[in-house]
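The values are calculated or read from the model by the stated rules, or taken from the named source; none is laboratory data. Worth saying up front: this structure is predicted, and the values here are computed from it rather than measured. Glycine gets a Cβ as well: all are built from the backbone with ideal geometry, and neighbour counts include every protein chain shown. Keep in mind that these areas ignore ligands, DNA and RNA; they rest on the heavy atoms of the full protein, side chains included. Shrake-Rupley method; radii C 1.70, N 1.55, O 1.52, S 1.80 Å.
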Amino acid sequence: MSTTFKIHYEHQAEGHLHSEEVLLESEGEPTEAAVQDAVRQDIAKHHGAAEFTVISVAPYP
């Protein structure tokens, strides 16, 4: 059974700190690599490449 997780992360873009969230569906607890990939894909859609910091990963309702 898959579970949806909400990843909260921050990144710098255009000189400002941005706080973002992305959802990840995973079988069980997501791996660090899966979390990093989900964040990279989300950033690429909106801002291009950027350094980021994952703040939290939590089950989403």
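Annotation: per residue accessible area for the chain equals 69 Å², rounded to a whole number [probe 1.4 Å, protein chains only]. Size of the chain from its Cα atoms: along the principal axes, largest to smallest, the extents are 40, 17, 16 Å. For the chain, the longest principal axis of the Cα atoms and the long axis of helix 32-46 meet at an angle of about 50 degrees.
Tell me, what is the percent relative contact order of the chain, built from C-alpha pairs under 8 Å that lie six or more residues apart? List each step's numbers first, then the result.
Working: 93 pairs, mean separation 30.2, N = 61.
Value for the chain: 49 percent.
Could you please state how large a percent of the accessible area of the chain is carbon and sulfur, counting protein chains only and using a 1.4 Å probe? Write out the running numbers ahead of the final one.
Values: 2090 of 4230 Å².
It is 49 percent, rounded to a whole number.
Within the listed set GLU29, GLU20, GLU51, the Gaussian network model of the chain (springs between alpha-carbon atoms below 10 Å) gives the highest mean-square fluctuation for GLU51. Under a GNM of the chain (C-alpha, springs under 10 Å), which listed residue has the highest mean-square fluctuation: GLY15, GLY48, GLY28? With Cα springs under 10 Å in the chain, the top fluctuation among GLY15, GLY48, GLY28 is at GLY15.
Charges were assigned to the Cβ only: +1 to each Lys and Arg, -1 to each Asp and Glu. The resulting dipole of region 1-50 about its Cα centre is roughly 120 debye.
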